[in-house]
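These notes are about the structure you will find just below.
The values are calculated or read from the model by the stated rules, or taken from the named source; none is laboratory data. What you are looking at is a predicted structure, and each value in this text was computed from that prediction instead of being measured. Virtual Cβ from ideal backbone geometry, glycine too; neighbours counted across all protein chains shown.
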Amino acid sequence: MFPELNSILNSTPDSFKSSDFILASDRRADASFLIHHYLSFYLRAGCKVCFLGLVQSFSHYSAVGQRLGVSLAQAREKGQLVFLEGLKDSFGVLLQDTSQQETQPLSFLRSPGAGLEGLFRFVERSVRQSGDGDAGESWGPPVLLIDDLSVLLSLGVSVGAILDFTLYCQATVCSELQGNMVILVRCEEEDADDDEEGSNLLQRGLVHQCNLALHIEGLPTGYCRDIHGQMEVWWRPRGETIYNQRKIFHFKVHDKGASFFARGTSSAVL
Amino acid sequence: MAAPMRGMAGSSNTGNTTSFQKKTHSKLVSIPGTRPSVQNGQLLVSSGVSSLDYVIGGGLAVGTLLLVEEDRFDSYSRMLLKYFLAEGVVCGHELFLASARDHPDEIMQELPSPIVDDVAGIKMSEGQSQPSDPENPDTMKIAWRYQNQPRVQTALVSSMRFGHYYDVSKTMEPELQQAAKCHRFYQLQETPVTKGSSPLPSPYQALLKSIQTVIRKEGFDGSTPQSKVRNVLRLGLHSLGSVLWGDDVCCNDNPAHCHALSTFLYALRGLLRSSLSVAIVTVPSHLIQNRAVMGRIIRLSDTAIALESFRGSEKETNPLYKDYHGLLHVHQLPRLNCLSCEVPDTKDLAFKLKRKQFTIERLHLPPDLSETVSRVSKTELAAGCGSTATGNKHLDF
């Protein structure tokens with residue numbers, strides 16, 4: 001959890017907006033530190049977290065989580081965290097001889113054209129589960145975290161199927177169960193002759209659905225060792241605010257967190 | 001200082017120079033040819049080129065995938081692959097080599113020969129210290145303190161060093177090469193799998209199956225009981241994505257199996273993460289027209305570098321590049337088990353292949369803009385303007 005990011009976004013583990021769909025995207029940069037922030041944030045807040053970790057192993061997230069002060073292994077044991085490890089199960093799904101039932105979460109690896117229904121059923125099961133076996137452990141509102149969604153494009157799933165999946169998840173998690181959703185999407189450069197199936201199309205579709213968009217990019221002036229990039233925060237008007245709010249910050253990622261500062265005020269420059 | 005050494009020589013024959021024993025954490029696996037990273041404790045292996053190890057943050061982490069985008073004539077990327085395999089032979093790691101164009105045996109025969117430290121005397125020492133004998137002609141007269149030390153070990157059988165140097169003008173001796181256990185996969189000799197509906201096209205499916213079989217059989221994923229010493233498996237996959245692998249991502253703008261290579265890399269990374277192995281994959285990226293595909297492939301690997309050689313291009317005659325053979329671009333560095341990664345100083349790197357070394361140097365110096373640079377202090381101006389010079393001296397007006 002990054003304290004500076006909490007103050008920028010006006011949220012703390014004790015008080016945060018519910019039914020929020022947060023989109024983290026990047027273009028030629030790496031926004032995965034935001035996923036670690038939200039993972040530790042919601043685990044501290046006591047929410048039930050369903051994490052689809054499609055690009056890294058569980059030990060990676062738990063090692064970073066330890067530095068940020070949460071223990072993922074403990075959370076998983078207690079039932080607070082449901083973790084789908086994509087990498088570990090992927091080669092098993094691809095190399096098995098007989099195709100098992102189609103509602104396996106990773107069944108899209110074998111038949112990418114069929115869509116993501118198996119994955120959605122897995123998510124639905126995880127967020128609807130209440131502590132049936134435990135001694136009345138009730139967690140907070142459910143949270144769905146996905147890292148990252150654009151890898152599904154590389155595995156052959158179409159943009160339409162992914163957008164359907166996110167719509168189903170939003171309807172279930174945000175509207176029905178009053179929970180939150182955080183999705184990471186990684187994009188390519190804006191290409192003039194970009195074909196229809198692209199991560200840019202996916203990102204535009206998701207920006208249309210989300211409430212808060214955090215976009216990470218490199219500095220427009222080039223590579224700098226001490227400022228790792230710029231983050232653009234965009235809030236969708238909700239409730240009494242009628243105008244779009246958009247702010248830009250620079251950031252630097254450390255070992256134990258990230259620091260955010262206004263443009264031009266990095267300690268390397270001053 | 002004299003007394004302990006003399007006492008040591010009489011009592012223990014282990015060849016230690018001091019009696020200080022470093023207390024090693026029992027959990028750390030000690031495999032020859034690896035070392036833990038200073039940054040995040042990951043187990044690293046050397047890629048065979050020490051300057052490349054430095055550029056990618058100390059070495060290749062075990063369980064990760066290094067993607068090398070080939071240069072136009074595949075000369076330097078093939079050289080990197082050979083360095084990687086030669087390093088595996090010298091450290092005693094197991095190898096897995098897959099290629100579609102040249103037979104793996106040919107690549108193995110072309111491995112560069114390692115440069116041995118001690119030229120005179122290849123005989124390995126017994127390890128026992130011999131008592132100083134006045135009749136023995138080998139008795140040292142001046143450096144007699146060192147008489148009881150074991151001789152310099154020159155055999156490469158158990159090399160604990162990290163990173164070696166190779167002489168590219170000579171090929172590795174056949175005995176050394178045969179001593180290494182190498183699994184080979186030659187695409188043109190594999191029978192295509194025709195049955196069933198495999199999600200991946202046949203060559204990639206067969207390659208994935210073969211890699212998984214090797215990992216399981218040799219116990220790299222910890223499935224077999226630990227009766228043998230743990231070792232690292234080095235995988236070298238040459239020119240994936242080229243037409244010889246049955247993939248048309250290099251020839252078509254909209255290939256029929258455009259996700260075959262990316263799905264394969266995803267599954268390969270899954271296999272690597274769950275075993276003690278490290279892989280280097282070379283891809284002919286200059287043939288792939290669709291830039292989005294290359295971006296996806298880079299995202300799916302951990303470390304990604306690209307080689308751009310000057311041979312045959314107009315940069316060959318550019319005086320700026322006259323000392324170098326090509327440029328090295330680092331496209332991606334992994335963040336393993338930590339938030340931040342090793343951020344390089346500069347991204348302008350050039351390489352040069354000399355006979356005994358593959359050097360990578362920075363081309364220009366970056367502007368000196370960092371948090372630790374010293375700046376001319378403005379306090380002498382502030383003292384004249386205002387009485388209170390105790391404010392933040394960087395923001396004084």
Among the helices (runs of 4 or more DSSP H) lying completely within region A:2-76, list those that include at least 2 residues that are over 16 Å from the mean Cα position of the chain (by Cα) and of a type outside the set (Lys, Arg). A:3-9, A:58-68
Of everything in region B:274-321 that's more than 20 Å from A:Gly156 (Cα to Cα) and basic (Lys, Arg), which residue is modelled with the lowest pLDDT? B:Lys315
So A:Ser90, is it of a type in the set (S, T, N, Q), within 19 Å of the chain's Cα centre (by Cα), at the interface with chain B (Cβ under 10 Å from one of its Cβ atoms) and within 25 Å of B:Pro334 (Cα to Cα): no
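Being of a type in the set (Val, Ile, Thr) and in contact with a helix residue (DSSP H, G or I) (Cβ under 9 Å, 6 or more places away or on another chain) is the filter; apply it to region A:201-240 and report the residue that is farthest from the other protein chains (Cβ to nearest Cβ).
Per the criteria, the residue is A:Val233.
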Filter result for A:Gly198 (within 14 Å of another protein chain (Cβ to nearest Cβ) and modelled with pLDDT under 90): yes
Filtered residues of region A:241-270 (kept if assigned to a loop (DSSP other than H, G, I, E, B), out of contact with any Leu (no Cβ under 9 Å at 6 or more places or on another chain) and more than 12 Å from chain B (Cβ to nearest Cβ)): A:Thr241, A:Ile242, A:Tyr243, A:Asn244, A:Arg263
Tell me yes or no: at least one residue of region A:1-14 is of a type in the set (S, T, N, Q) and closer than 25 Å to B:Cys258 by Cβ. no
Modelled with pLDDT under 75 and either surrounded by fewer than 13 Cβ atoms within 10 Å (Cβ to Cβ) or in contact with an Asp or Glu (Cβ under 6 Å, 6 or more places away or on another chain) (or both): is that true of B:Glu135 in this structure? yes
B:Ser239, sole failed condition from (1) crowded, with 20+ Cβ neighbours inside 10 Å; (2) farther than 24 Å from B:Phe73 by Cβ: (2)
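Could you say whether any residue in region A:164-174 is in a strand (DSSP E or B) and either within 14 Å of chain B (Cβ to nearest Cβ) or farther than 30 Å from A:Ser15 by Cβ (or both)?
no
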Only residues that are of a type in the set (Asp, Glu) and either surrounded by 14 or more Cβ atoms within 10 Å (Cβ to Cβ) or touching a residue at least 60 places away in the same chain (Cβ under 8 Å) (or both): list them for region A:233-270, please. A:Asp255
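Would you check if B:Ile107 is surrounded by fewer than 16 Cβ atoms within 10 Å (Cβ to Cβ), at pLDDT 85 or above and under 19 Å from the mean Cα position of the chain (by Cα)?
No; evaluated as a whole, the condition is false for this residue.
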So, in region A:214-255, how many residues would count as being among the basic types (Lys, Arg) and at pLDDT below 85? 2
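Can you tell me which residue is nearest to B:Arg311 (Cα to Cα) among those in region B:333-367 that are within 12 Å of another protein chain (Cβ to nearest Cβ) and among the aliphatic types (A, V, I, L, M)?
Step one: filter region B:333-367 for residues within 12 Å of another protein chain (Cβ to nearest Cβ), giving B:333-348, B:366-367.
Add one more test, that the residue is among the aliphatic types (A, V, I, L, M), and what stays is B:333, B:336, B:339, B:343.
Details: B:Leu333: 27, B:Leu336: 35, B:Leu339: 39, B:Val343: 30 Å.
Top of the filtered list is B:Leu333.
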For region A:246-270, what are the residues that are over 23 Å from B:Pro334 (Cβ atoms) and touching a helix residue (DSSP H, G or I) at 6+ places or on another chain (Cβ under 6 Å)? A:Phe260, A:Leu270
Please state which of the following conditions A:Phe21 fails to meet, knowing it meets all the rest: (1) more than 10 Å from every other protein chain (Cβ to nearest Cβ); (2) aromatic (Phe, Trp, Tyr); (3) in contact with a Phe, Trp or Tyr (Cβ under 8 Å, 6 or more places away or on another chain). (3)
Can you confirm whether A:Gln66 is at pLDDT below 90 and not acidic (Asp, Glu)? no
Top-ranked residue of region A:249-270 - restricted to ones that are aliphatic (A, V, I, L, M) and within 20 Å of the chain's Cα centre (by Cα), ranked as farthest from A:Ile8 (Cα to Cα): A:Val253
Could you look through region B:296-323, keep only residues that are of a type outside the set (A, V, I, L, M, F, W, C), crowded, with 21+ Cβ neighbours inside 10 Å and in a helix (DSSP H, G or I), and pick out the one that is nearest to the other protein chains (Cβ to nearest Cβ)? B:Arg296
